[in-house]
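See below for the structure under consideration.
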Amino acid sequence: MRIVGGTLRGLKLAEVGTGDAAAHLRPTSDRVREAIFNLLVNGTHGNPIPGARVLDLFAGTGALGLEALSRGAAHAVLVDDGAKAQALIRSNIAKARLGDATTLLRQDAARLGANRDLPFDLIFLDPPYAKGLGERAVASALAGGWIAPGAVVVWEESRPPLVPVPLAVIDQRRYGDTLVTLARAPEA
């Protein structure tokens with residue numbers, strides 16, 4: 001796994017191999033990550049990355065949040081409650097030298113609680129597939145004030161997710177067994 005674009009392009013991240021099923025680690029492939037960022041940068045909905053506050057739920061390796069920072073995001077909060085994921089994320093933050101631009105939270109992404117900081121402009125979520133955790137995480141983020149008005153949510157899943165109101169689907173693409181859904185929060 002490598003950062004595929006931006007100032008850190010080519011940076012090799014910590015190896016996970018084919019993933020860790022017991023820890024629910026299934027890293028987003030470089031190809032899918034590149035496709036996601038192409039959708040964000042070149043989509044008709046405007047590029048949400050420059051200066052963005054990023055929330056990476058079920059962060060796993062932190063690759064999505066770190067990729068966003070490489071491409072101009074201002075800060076990323078990476079959320080995962082797994083011990084193996086925490087170690088991988090810490091290693092990748094160190095490799096990227098992005099300690100000042102990241103916050104790592106060991107927390108259940110499906111039970112975020114109230115946000116005590118500014119809301120986020122760009123939200124990534126890559127939950128374990130077909131368990132309904134993405135729906136719970138997005139509902140929790142909405143209820144807790146984590147999602148800014150006009151924010152873009154990038155959701156990886158194996159099937160079409162049940163995108164909760166008030167989010168609206170703006171794009172959806174399939175890459176092998178991964179379905180990427182982009183949704184937008186309403187403007188204030």
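Miscellaneous remarks
- Ranked list, fewest to most other Cβ atoms within 10 Å of each Cβ, for LYS131, LYS84: LYS131, LYS84
- Helical mean residue ellipticity (222 nm; -39500 (n - 2.57) per DSSP H run of 4+; nearest 500) of the chain: -7500 deg cm²/dmol
- For P(r) over Cα pairs in 10 Å bins from 0, in percent, calculated from these coordinates, the label among (1) 9, 38, 38, 12, 2, 0; (2) 9, 37, 35, 16, 3; (3) 10, 42, 40, 8, 0: (3)
- Dipole in debye (nearest 20) - the chain, about Cα centre, beta carbon charges: Lys, Arg +1; Asp, Glu -1: 300
- Here the chain carries DSSP beta bridges of which approximately 45% are antiparallel, counting only pairs with both residues inside.
- The amide H of GLN172, built 1.01 Å from its N in the peptide plane, has LEU182 as neighbours under 5 Å, considering only residues 5 or more places off or on other chains.
- Highest average first, the peptides 144-155, 64-75 ordered by how many other beta carbon atoms sit within 10 Å of their residues are 64-75, 144-155.
- Nearest-0.05 FRET efficiency for ARG173 and LEU118, computed from C-beta distance (R0 41 Å): 0.90
- Residues of region 144-188 with an amide N closer than 11 Å to a point placed 7 Å from the Cα of THR44 along the Cα-to-Cβ direction: 171.
- Under a 5 Å amide H cut-off, with hydrogens placed 1.01 Å from N, GLY5 pairs with GLY10 among residues at least 5 apart or on other chains.
- Remark: ARG97, ARG53, ARG116 ranked as ARG116, ARG97, ARG53, counting other beta-carbon atoms within 10 Å and listing the fewest first.
A short reminder: the numbers here are calculations on the coordinates, not readings from a lab. Keep in mind the model is a prediction, meaning the values are calculated, not measured. Note that we place each Cβ from the backbone using ideal geometry, even for glycine, and neighbour counts take in every protein chain shown.
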